[in-house]
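The values are calculated or read from the model by the stated rules, or taken from the named source; none is laboratory data. The model shown is predicted, which means the values in this text are computed figures rather than measured ones. Positions of Cβ are generated from backbone atoms using ideal geometry, with glycine treated the same way; all protein chains shown enter the neighbour counts.
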Amino acid sequence: MKKLLQYLFEHKTLTREQAREVLVEISEGRYNDHEITSFVTVFLMRSITIEELMGFRDALLSLAVKVNLGVDDALDIVGTGGDGKDTFNISTLACFIVAGAGQTVVKHGNKNEEALLAKEVKEAGICFLHAPLFHPALKTVGPIRRNIGVRTFFNMLGPIVNPAQPKFQLIGVYNLEMARIYNYVLQSIGKDFTLIHSLDGYDEIALTTDTKVITNKGEYIMTPYQLGKKKVFSQELHGGKTVEEAAAIFKNIIQGKGSWSQNAVVLSNAAMALFVTGKYESYELAFQAAVNSLESGAANKCLEKLISLQ
């Protein structure tokens, strides 16, 4: 590691293969915490290259616990985090709305065994995969990441190392540089994807201003009125000061009792996710499917079914 660190301190970058090798070695416990911390810190001092990110991704996927959920058209909805906006849990709510519309969702977050995950997918249309359980390398660096206390390149890896490798992805990013990197990576992977970035810094469709939309077919700008029928104010997206408040907001919205602004934001993210799949001729039709899922109670039924299977 000393030789590698010296190489990086000279402002040099890693090839894709070098990046893969070092992350595999880190996962194998070949380096101590101080060496790993120094390595991670390099990428806090400069931007990660696309080759390095691809190499780290290769390593995590090669080491990942394989999972077969019996579906081949699953969707993942994920935000990169880091926008500091303190919103309610928009992406997870959108996941249940999407599942309620009949689209299978496979998202990071749970600790279940493969058999139960497959059952959740079949019966509830949605499951959550707990990243450290499926990526052993993340267990090795977990304590170090917590001690550093700031975002590292591992945060960037999250959206592109889902162990189920879903066919479709909706990824929210908090800045355009990150959008550029993900666009290149996802284009090279060959997935059907959509990246979204609210131009005032949210890593999701916030309807507080226009949203940049990037797909494997091109990019464009959409207004709050095109996406959610209205513009909202940032204070209307507040996530609550406690876990209990956040849970109450989530429950209220999923049960169809959310405010107009809360519903509009969640529905627009769900609609964009549904539109990614290519199963709807227009965004408007995808939005209507999302509305039907929430208003009919189908989204809430998916949540209740998932809870009952735990």
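Against the conditions (1) within 22 Å of the chain's Cα centre (by Cα); (2) within 30 Å of residue 176 (Cβ to Cβ), residue 281 satisfies every one except (1). Just one of the listed residues (158, 149, 125, 172) is at pLDDT 75 or above and at positive phi, and it is 125. Of the residues in region 81-98, at least one is within 16 Å of residue 158 (Cα to Cα), out of contact with any helix residue (DSSP H, G or I) (no Cβ under 7 Å at 6 or more places or on another chain) and surrounded by 18 or more Cβ atoms within 10 Å (Cβ to Cβ). Pairs meeting the criteria (first residue in region 272-292 and closer than 14 Å to residue 215 by Cα and touching a residue at least 24 places away in the same chain (Cβ under 8 Å), second residue part of a loop (DSSP other than H, G, I, E, B) and small (Gly, Ala, Ser), beta carbons under 7 Å, at least 6 apart or on different chains) are 274/101.
Is there a residue in region 206-215 that is farther than 30 Å from residue 53 by Cβ and either in a helix (DSSP H, G or I) or hydroxyl-bearing (Ser, Thr, Tyr) (or both)? Scanning region 206-215, I find no residue that is farther than 30 Å from residue 53 by Cβ and either in a helix (DSSP H, G or I) or hydroxyl-bearing (Ser, Thr, Tyr) (or both), so the answer is no. May I ask you to verify whether residue 248 is touching a strand residue (DSSP E or B) at 6+ places or on another chain (Cβ under 9 Å), under 22 Å from residue 126 (Cα atoms) and in a helix (DSSP H, G or I)? The answer is no for residue 248. Contact map, region 188-203: residues that are closer than 15 Å to residue 162 by Cβ and in the same structural domain as residue 214 (by TED's automatic domain parsing) paired with residues that are surrounded by fewer than 14 Cβ atoms within 10 Å (Cβ to Cβ) and at pLDDT 90 or above, Cβ distance under 8 Å, separation 6+ or inter-chain. Pairs shown: 192/278.
Can you tell me how many residues in region 36-64 are of a type in the set (D, E, K, R), surrounded by 19 or more Cβ atoms within 10 Å (Cβ to Cβ) and within 25 Å of residue 106 (Cβ to Cβ)? Number of matching residues: 1.
Under the condition of being surrounded by fewer than 21 Cβ atoms within 10 Å (Cβ to Cβ), among the small types (Gly, Ala, Ser) and part of a loop (DSSP other than H, G, I, E, B), the residues counted in region 138-187 number 1. Scan region 221-233 for residues that are crowded, with 17+ Cβ neighbours inside 10 Å and either assigned to a loop (DSSP other than H, G, I, E, B) or among the hydroxyl-bearing types (Ser, Thr, Tyr) (or both) and the total you get is 1.
Among the numbered conditions (1) out of contact with any strand residue (DSSP E or B) (no Cβ under 9 Å at 6 or more places or on another chain); (2) surrounded by fewer than 20 Cβ atoms within 10 Å (Cβ to Cβ), the only one that residue 67 does not meet is (1).
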